[in-house]
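Read the structure below first, then the notes.
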Amino acid sequence: MSQPVFRFAPSPNGFLHLGNAYSALLNDRMARAAEGRLLLRIEDTDETRSRAEFMEAIFEDLAWLGVSWEEPARVQSEHFVDYEANLARLWDMGAIYPCFCSRKKAQAHALPSRDPDGQPHYGGTCRALPRAEAEQRIARGDAHGWRIDMAHVRDPATIVWGDAMIAKRLVGSSYHIAVVTDDALQGVTHVVRGKDIEPATPLHRLLQRLLGLPSPVYFHHDLIRDAEGHKLSKSLASTSLRQLRAEGATADDLRRRLGFD
Ligand code: GLU
């Protein structure tokens with residue numbers, strides 16, 4: 001059997017917090033136990049929120065925690081051609097369509113139901129655009145994202161999703177297509193991530209099926225919560241590893257607190 005491949009894939013939109021540390025340490029432990037490899041991927045396709053200083057801090061904080069990954073880390077913003085190639089394949093098979101609606105316009109025409117990530121179900125305006133017209137608009141440089149055509153792909157496992165956006169406006173956030181493309185390109189066999197992302201997994205499996213990519217094993221761990229029971233968030237700077245370190249915590253303290261060692 002080939003070696004298992006795990007990955008930790010943070011977005012550099014803030015300093016790593018205890019929840020991220022838990023995820024990284026769990027991947028590290030599982031990779032070691034399986035005599036597998038651990039990769040690090042920086043998910044910085046959302047150019048409005050990603051910052052180089054947060055990426056540097058991720059490397060530093062993980063090394064401080066004692067997590068070791070295979071160098072070099074893959075930085076998603078350097079690989080948009082890979083995501084675009086898969087988007088082109090999906091469009092050719094009619095599984096996705098470009099959407100030119102602004103957020104405001106999409107919201108104005110939204111359905112009352114919502115995707116598991118909280119986005120309202122898209123009303124479908126751009127689904128009806130003839131391909132020639134859509135191609136013309138793309139060639140002209142009109143900003144667009146890509147939506148999955150759920151009526152076309154007919155996938156029972158994603159029944160709760162509407163025409164979800166799998167890649168946003170030009171090179172903006174492209175989370176779903178990027179994560180699926182990279183897991184396959186990097187040969188990832190085990191995806192270990194928080195329960196907050198679990199609702200997206202059927203969508204990821206659908207994209208894998210459409211693109212003929214292998215589907216990794218998924219495991220979604222419980223989230224670490226703050227004293228009030230709220231989910232931690234990088235963008236809220238809650239309990240960042242840096243802050244805990246500045247207050248005197250050692251890496252061993254945090255590992256123990258999270259149940260490792
Ligand atoms: N980049 C995502 C995050 O920071 C994680 C993606 C994943 O593990 O699939 O929440």
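Taken together, the values in this text are just the output of simple stated rules run on the coordinates, not laboratory data. Predicted, not measured: the structure shown is a model, and the values here were computed from it. Every residue, glycine as well, gets a Cβ built from its backbone with ideal geometry; the counts of neighbours run over all protein chains shown.
Some observations on this one:
- Selection status of G118, at positive phi, buried (at least 16 other Cβ atoms within 10 Å of the Cβ) and not acidic (D, E): no
- Segment 1-23, subset surrounded by fewer than 24 Cβ atoms within 10 Å (Cβ to Cβ) and in a helix (DSSP H, G or I), residue nearest to the ligand (Cβ to nearest atom): S23
- Residue within segment 182-202 that is assigned to a loop (DSSP other than H, G, I, E, B), surrounded by 21 or more Cβ atoms within 10 Å (Cβ to Cβ) and out of contact with any Lys or Arg (no Cβ under 9 Å at 6 or more places or on another chain) present: no
So that you can scan it fast, the table gives a plain yes or no per residue for (1) among the polar types (S, T, N, Q); (2) buried (at least 16 other Cβ atoms within 10 Å of the Cβ); (3) in contact (Cβ under 8 Å) with a residue 60 or more places away in the chain:
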position	(1), (2), (3)
G36	no, yes, yes
T48	yes, no, yes
A73	no, yes, no
Q76	yes, yes, yes
N86	yes, yes, yes
L90	no, yes, yes
C101	no, yes, no
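- Subset of segment 187-214 [charged (D, E, K, R) and within 18 Å of K231 (Cβ to Cβ)]: R193, K195, D196, E198
- Residue match in segment 194-207 (condition: out of contact with any strand residue (DSSP E or B) (no Cβ under 6 Å at 6 or more places or on another chain) and more than 14 Å from the ligand (Cβ to nearest atom)): yes
- Considering segment 30-56, and only residues there that are part of a helix (DSSP H, G or I) and more than 14 Å from the ligand (Cβ to nearest atom), the residue that is farthest from A251 (Cα to Cα) turns out to be A52.
- For N27, the conditions (1) within 28 Å of T250 (Cα to Cα); (2) part of a loop (DSSP other than H, G, I, E, B); (3) within 12 Å of the ligand (Cβ to nearest atom); (4) of a type in the set (S, T, N, Q) are fulfilled apart from (2).
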